[in-house]
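Enquirer: Sharing a structure, written as structure tokens. Questions coming.
The values are calculated or read from the model by the stated rules, or taken from the named source; none is laboratory data. From a predicted model like this one, the values you see are computed outputs, not experimental measurements. In this analysis, Cβ positions are derived from the backbone assuming ideal geometry, glycine residues included, and neighbour counts consider all displayed protein chains. What goes into the accessible areas is simple: the full protein's heavy atoms, side chains included, and nothing from ligands, DNA or RNA. Shrake-Rupley method; radii C 1.70, N 1.55, O 1.52, S 1.80 Å.
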Amino acid sequence: MPPRRVIGIDAGGTKLLGGVVDEGLVVHHRVRRTWRGSDRAETLDIFVEAVDEIRAAAPDVHAVGFGIPALVEWETGVSRWSTHLPLADVRFRDVMSERLGLPVVVDNDANAALLAEARLGAARDSSHAVLVALGTGIGSGLLLDGRIYRGSRGLGAEIGHMVVDLHGPDCQGDCPGRGCLEVLASGSAIGREGLEAARLAPSSVLGRRLAEGREITGAIVTELAHSGDEPARAVLSSIGRSLGYGLVSVVNVFNPEVIVIGGGAIAAGELLLAPARSVVEERALPPARDGVRIVPAHFGDESGMLGAALLAFDSLAAVS
Ligand SMILES: [Zn+2]
């Protein structure tokens, strides 16, 4: 039998990344999409279009794995709720399988990323690991005793919506909470703090970008921080410390061996991770804090796509 290939799709709060993945985890025919509308039908159409575009280049795929930014009931493949996309109560697995004519498997995007990192990446050889993906929001996954922990209905492990500031700002998207970690330490938070910093330091490179009419995003703040702009570096340090306060609770509750930080915002690297580690060293309970490693995702922002592909391979193995 020739080597099998599947499609892995990683959907975030702002964009989608997909590709054909072979059994050696090499990715071909990447596609990217951003969500262009707000309604459910249009969102589902974009998923289908992305898969169709990939299949046009690679018709020999056997299954599709999706990681979506939603609370997904693992057994049924139903998307129950999403902070950022109109995917509440959607029979996602069945609808996609019917529309694509292929076997489909769906999981939460961060669970998919965790799967890739736990099997082959930064949490390899660990039985107790936490993945925190910093993007539009904060996704997360828990590997406890070697198994991905999903909660009673598959809706758990949402560290991004752990409250870290009782009187903090309203959370993002449709989350009814306030002071959640996601509103204080996501990629979007980097952009928001960056805008504030640009206004306060108009003569900095960051300030001049704002004056030129550029949108101050997390990506721009990160790029300028790497090139040495002080206000941009201070933003990442502040966000890194906010992330650290969330990780203190993660360390105290789960006693993980490793915390893997992924998502697009990990492009900030040590500028974000070093302050987060400092806070954990200051505030988490000894000795759990002393053994935990806080590291970037081995697969960068492609962990989710690769994990979605692994789910698809697993589903094929289960039926063959
Ligand atoms: Zn929230």
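Enquirer: Which numbered condition trips up Cys175, out of (1) open to solvent by less than 30 Å² (accessible area, probe 1.4 Å); (2) modelled with pLDDT of 95 or more?
Expert: Unmet for Cys175, out of (1) open to solvent by less than 30 Å² (accessible area, probe 1.4 Å); (2) modelled with pLDDT of 95 or more: (2).
Enquirer: Please enumerate the residues belonging to region 163-172 that are in a loop (DSSP other than H, G, I, E, B) and either in contact with a Pro (Cβ under 8 Å, 6 or more places away or on another chain) or more than 8 Å from the ligand (Cβ to nearest atom) (or both). Steps first, answer last, please.
Expert: Within region 163-172, the subset in a loop (DSSP other than H, G, I, E, B) is 164-169, 171-172.
Across region 163-172, the qualifying residues are Val164, Asp165, Leu166, His167, Gly168, Pro169.
Here's the yes/no breakdown for (1) over 22 Å from Gly13 (Cβ atoms); (2) free of Cβ contacts under 8 Å to residues at least 40 places away in the same chain; (3) of a type in the set (Val, Ile, Thr):
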site	(1), (2), (3)
Leu271	yes, no, no
Ala274	yes, yes, no
Leu285	yes, yes, no
Arg293	yes, yes, no
His298	yes, no, no
Met305	no, no, no
Ala308	no, no, no
Asp314	yes, no, no
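Enquirer: Mind checking which residues of region 79-95 are within 16 Å of the ligand (Cβ to nearest atom) and either among the acidic types (Asp, Glu) or open to solvent by less than 60 Å² (accessible area, probe 1.4 Å) (or both)?
Expert: Residues of region 79-95 within 16 Å of the ligand (Cβ to nearest atom): 80-85, 88.
Those that are within 16 Å of the ligand (Cβ to nearest atom) and either among the acidic types (Asp, Glu) or open to solvent by less than 60 Å² (accessible area, probe 1.4 Å) (or both): Ser82, Thr83, His84, Leu85, Ala88.
Enquirer: Same structure again: Looking only at region 106-119, decide whether some residue is within 16 Å of the ligand (Cβ to nearest atom) and open to solvent by less than 10 Å² (accessible area, probe 1.4 Å).
Expert: Yes, the conditions are met somewhere in region 106-119.
Enquirer: Answer yes if at least one residue in region 143-162 is part of a loop (DSSP other than H, G, I, E, B), surrounded by 16 or more Cβ atoms within 10 Å (Cβ to Cβ) and more than 16 Å from the ligand (Cβ to nearest atom), and no otherwise.
Expert: Within region 143-162, one or more residues are part of a loop (DSSP other than H, G, I, E, B), surrounded by 16 or more Cβ atoms within 10 Å (Cβ to Cβ) and more than 16 Å from the ligand (Cβ to nearest atom).
Enquirer: Something else: Yes or no: region 122-137 includes at least one residue that is within 16 Å of the ligand (Cβ to nearest atom), in contact with a Leu (Cβ under 6 Å, 6 or more places away or on another chain) and either open to solvent by less than 10 Å² (accessible area, probe 1.4 Å) or among the aliphatic types (A, V, I, L, M) (or both). Full working, then the answer.
Expert: Taking region 122-137 and keeping what is within 16 Å of the ligand (Cβ to nearest atom), we get 132-137.
Those still in the list that are in contact with a Leu (Cβ under 6 Å, 6 or more places away or on another chain) too: none.
Within region 122-137, none of the residues are within 16 Å of the ligand (Cβ to nearest atom), in contact with a Leu (Cβ under 6 Å, 6 or more places away or on another chain) and either open to solvent by less than 10 Å² (accessible area, probe 1.4 Å) or among the aliphatic types (A, V, I, L, M) (or both).
Enquirer: Further question: Could you give me the residue pairs with C-beta distances under 6 Å whose first residue belongs to region 102-117 and is in contact (Cβ under 8 Å) with a residue 60 or more places away in the chain, whose second residue is crowded, with 24+ Cβ neighbours inside 10 Å and among the hydroxyl-bearing types (Ser, Thr, Tyr) wherever it lies, and which are 6+ apart or on separate chains?
Expert: Sorted first by the residue in region 102-117, then by its partner, the pairs are Ala110/Ser140; Ala113/Ser303; Ala116/Ser303; Glu117/Ser303.
Enquirer: Can you tell which of Ile190, Ile216, Ile220 is assigned to a loop (DSSP other than H, G, I, E, B) and either touching a residue at least 24 places away in the same chain (Cβ under 8 Å) or away from the ligand (no atom under 16 Å from the Cβ) (or both)?
Expert: After ruling out the rest, the residue left standing is Ile216.
Enquirer: Further question on the same structure: Residue by residue through region 178-187, note down the ones that are touching a helix residue (DSSP H, G or I) at 6+ places or on another chain (Cβ under 6 Å) and open to solvent by less than 20 Å² (accessible area, probe 1.4 Å). Give the derivation first.
Expert: The initial filter retains those residues of region 178-187 that are touching a helix residue (DSSP H, G or I) at 6+ places or on another chain (Cβ under 6 Å), namely 180-182, 184-185, 187.
Those that are touching a helix residue (DSSP H, G or I) at 6+ places or on another chain (Cβ under 6 Å) and open to solvent by less than 20 Å² (accessible area, probe 1.4 Å): Cys180, Leu181, Glu182, Ala185, Gly187.
Enquirer: Still on this structure, please answer the following. Does Val253 qualify as being without any contact (Cβ under 8 Å) to a residue 24 or more places away in the chain, in a helix (DSSP H, G or I) and within 16 Å of the ligand (Cβ to nearest atom)?
Expert: no
Enquirer: Checking Tyr245 against (1) away from the ligand (no atom under 16 Å from the Cβ); (2) farther than 24 Å from Thr14 by Cα; (3) open to solvent by 50 Å² or more (accessible area, probe 1.4 Å), which test does it fail?
Expert: The one condition Tyr245 does not meet is (1).
Enquirer: If you don't mind, another one. Which is more than 21 Å from the chain's Cα centre (by Cα) and among the small types (Gly, Ala, Ser), of Gly77, Gly24?
Expert: Gly24
Enquirer: State which residue is farthest from Arg233 (Cα to Cα) when the search covers only region 146-159 and only residues that are of a type outside the set (A, V, I, L, M) and free of Cβ contacts under 8 Å to residues at least 60 places away in the same chain.
Expert: Of region 146-159, the ones of a type outside the set (A, V, I, L, M) are 146-147, 149-154, 156, 158.
Subset that is free of Cβ contacts under 8 Å to residues at least 60 places away in the same chain: 146-147, 149, 151-152, 156.
Values: Gly146: 37, Arg147: 37, Tyr149: 35, Gly151: 37, Ser152: 41, Gly156: 33 Å.
Applying the filter and picking the extreme gives Ser152.
Enquirer: In this structure, is Ala197 away from the ligand (no atom under 14 Å from the Cβ), outside any loop (DSSP other than H, G, I, E, B), without any contact (Cβ under 8 Å) to a residue 40 or more places away in the chain and buried (at least 21 other Cβ atoms within 10 Å of the Cβ)?
Expert: Numbers: away from the ligand (no atom under 14 Å from the Cβ): yes; outside any loop (DSSP other than H, G, I, E, B): yes; without any contact (Cβ under 8 Å) to a residue 40 or more places away in the chain: yes; buried (at least 21 other Cβ atoms within 10 Å of the Cβ): yes.
Spelling it out, Ala197 is indeed away from the ligand (no atom under 14 Å from the Cβ), outside any loop (DSSP other than H, G, I, E, B), without any contact (Cβ under 8 Å) to a residue 40 or more places away in the chain and buried (at least 21 other Cβ atoms within 10 Å of the Cβ).
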